[in-house]
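The structure appears below as structure tokens.
The values are calculated or read from the model by the stated rules, or taken from the named source; none is laboratory data. Remember, predicted model here, so these are calculated numbers, not experimental data. For neighbour counting, all protein chains shown are included, and Cβ atoms are generated from backbone atoms with ideal geometry for every residue, glycine included.
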Amino acid sequence: MAEHFIIETHGLTKEFNGFLAVNDVNLRVRRGQIHALIGPNGAGKTTCFNLLTKFLIPTRGRILFKGEDITFARAAEVARRGMVRSFQMSAVFPHLTVLENVRVALQPTLGTSFHFWRRGSSLAVLDPRAMQLLDAVGLGRFAGTVAVELPYGRKRALEIATTLAMEPELMLLDEPTQGMGHEDVDTVTALIKRAAADRTVLMVEHNMNLVATIADTITVLQHGRIIADGSYAEVSHNPLVKQAYMGSTDSVLRGAHG
């Protein structure tokens, strides 16, 4: 069964000065799914993400990606293997155009990563693929716009385009709709669905409407531990989940479909 899971953790634990931020987590993310990691504030979601993407080293436990142990691998190595993270805050180059941002993400395909001194014309060969990615996230008509001028939702769409440029097998999204209005949330929801068509998505997300709409599997953390794992229907009726949200989860989760 292991081959069906693109990433697994075994007893994953992270301790900070005696505080267990992540405590004996056994997470399994099935290939081809959208998997949501949710929980109240301080549940350990972001710490878990940081462990998976190698920004933190676990106190104990193991992380397997595509069946290989990556517990002590470096972040860049994990990215090369096909696990790419999109951050909570928009991470684009604000004073480059939308097209130029995607070009930068595509540069490794030319073997010229970080060669910013090269003439822009030398990267023109990347333009067709860059435009394909921009069209895929609805930004084709903004190719010449300087990124700083984009509204927040479109900046997140650009970030997803640059993430897709790295051709990840597993895309990790950290609060992809944080700070967005309803219209932007709808746009990003559609983008995530599109991105998940031929890859796996693991996301930390607080928006229960989004989670209920697109997540195949939901894992709920509380105090660094998994307290529930399953479909939306299973998780939304779990008494431990309701208790974790201090009584608000029942209405929040049920309201997500309403």
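Residue pairs whose Cβ atoms lie under 7 Å apart, separated by 6 or more positions or on different chains, with the first residue in segment 127-145 and basic (Lys, Arg) and the second at pLDDT below 90 and in a helix (DSSP H, G or I), are ARG129/LEU106.
So, in segment 9-37, of the ones that are in a strand (DSSP E or B) and without any contact (Cβ under 8 Å) to a residue 24 or more places away in the chain, which residue ends up farthest from GLY67 (Cα to Cα)? Applying the filter and picking the extreme gives PHE19.
Exactly one residue out of VAL188, VAL201 is modelled with pLDDT of 90 or more and of a type outside the set (Ser, Thr, Tyr), and it is VAL201. Within segment 212-226, the set of residues being under 14 Å from GLY39 (Cβ atoms) and in a strand (DSSP E or B) comprises ILE218, THR219, VAL220, LEU221, GLN222, ARG225, ILE226. Scanning segment 150-176 for residues that are out of contact with any strand residue (DSSP E or B) (no Cβ under 9 Å at 6 or more places or on another chain) and at pLDDT 85 or above yields LEU150, PRO151, ARG154, LYS155, ALA157, LEU158, ALA161, ALA165.
Look at GLU175 and say whether it is in contact (Cβ under 8 Å) with a residue 60 or more places away in the chain and touching a Gly at 6+ places or on another chain (Cβ under 9 Å). It is false that GLU175 is in contact (Cβ under 8 Å) with a residue 60 or more places away in the chain and touching a Gly at 6+ places or on another chain (Cβ under 9 Å).
The residues in segment 72-119 that are among the aliphatic types (A, V, I, L, M), exposed (fewer than 15 other Cβ atoms within 10 Å of the Cβ) and modelled with pLDDT of 80 or more can be counted, and the count is 2.
Exactly one residue out of GLU159, GLU167 is of a type in the set (Asp, Glu), assigned to a loop (DSSP other than H, G, I, E, B) and within 24 Å of VAL104 (Cβ to Cβ): that is GLU167.
Of everything in segment 229-243, what is over 20 Å from the mean Cα position of the chain (by Cα) and not in a loop (DSSP other than H, G, I, E, B)? Give them in sequence order. ALA233, GLU234, VAL235, SER236, PRO239, LEU240, VAL241, LYS242, GLN243 - these are the residues of segment 229-243 that are over 20 Å from the mean Cα position of the chain (by Cα) and not in a loop (DSSP other than H, G, I, E, B). For the structure I just gave you, tell me whether ALA136 is at pLDDT 80 or above and surrounded by fewer than 22 Cβ atoms within 10 Å (Cβ to Cβ). In short, yes. In segment 178-203, of all residues being aliphatic (A, V, I, L, M) and free of Cβ contacts under 8 Å to residues at least 40 places away in the same chain, the one that is farthest from LYS155 (Cα to Cα) corresponds to ALA197.
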